[in-house]
Structures are given as structure tokens and as C-alpha cells.
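J.: Take this structure, written in C-alpha cells, and hold onto it; I'll ask about it next.
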Amino acid sequence: MSRTLYQLEGCPYCEKVADRLDELGVDYDSVWVEALHSKRDEVKRVSGQRAVPVLVDEERGVTMAESDRILEFVERSYA
């Protein structure tokens with residue numbers, strides 16, 4: 001899979017991104033992260049920070065955080 005969404009269960013910002021990806025029929029893998037920031041080592045490794053959501057789009061060479069930025073990218077790239 002060339003797209004991965006790092007997200008936290010119950011996170012409204014993560015759900016907003018996942019819902020839009022689903023609406024557009026964009027395939028992606030979900031990686032569910034720990035609630036504690038200190039346990040989000042994989043997110044830190046791929047994005048340099050521990051907040052979610054984070055979208056990694058290997059096909060386009062993009063790694064980004066913050067739901068509004070991700071949604072802008074998704075609209076430009078897939079809508």
C-alpha cells in the first residue's frame with residue numbers, strides 16, 4: 001500500500017481525514033497509535049512528531065500532519 005494513515009481511536013481530526021479518504025474511495029492502510037504521546041514512536045519515526053493524524057503517501061513522496069493540511073492535499077490529489 002502506498003498510503004498510510006496514522007490515527008488514534010476516537011480522535012475527531014483523524015476521523016475527519018479517514019472519512020474523506022473513504023468518501024473519495026482512496027485506498028490506505030490504518031495504523032492505530034497509542035493514546036499516550038510517549039508511546040507513539042512509529043509516528044515520531046515517520047513524521048518527526050508524535051501528534052496524529054499523519055498521512056504518508058509514498059506514491060507522491062509526502063508525509064504530513066494536521067488534519068486541515070492533509071484534507072487540502074487529499075482534495076488536490078484525489079478529488
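The values are calculated or read from the model by the stated rules, or taken from the named source; none is laboratory data. For clarity, every value in this text was computed on a predicted model and none was experimentally measured. FYI the Cβ positions are ideal-geometry reconstructions off the backbone, even for glycines, and counts take in every protein chain you see. Side chains included, ligands, DNA and RNA excluded: accessible areas come from the protein's heavy atoms. Shrake-Rupley method; radii C 1.70, N 1.55, O 1.52, S 1.80 Å.
J.: Scan region 1-56 for residues that are closer than 11 Å to S67 by Cβ and either among the polar types (S, T, N, Q) or in contact with a His (Cβ under 6 Å, 6 or more places away or on another chain) (or both) and report the count.
T.: Looking only at that region, the number is 1.
J.: Now a separate question. How many residues does region 15-61 hold that are of a type in the set (A, V, I, L, M), under 12 Å from R3 (Cβ atoms) and open to solvent by less than 30 Å² (accessible area, probe 1.4 Å)?
T.: 7
J.: Can you tell me which residue among V26, V33, V62, V52 is free of Cβ contacts under 8 Å to residues at least 12 places away in the same chain and among the β-branched types (V, I, T)?
T.: That would be V62, the only listed residue that is free of Cβ contacts under 8 Å to residues at least 12 places away in the same chain and among the β-branched types (V, I, T).
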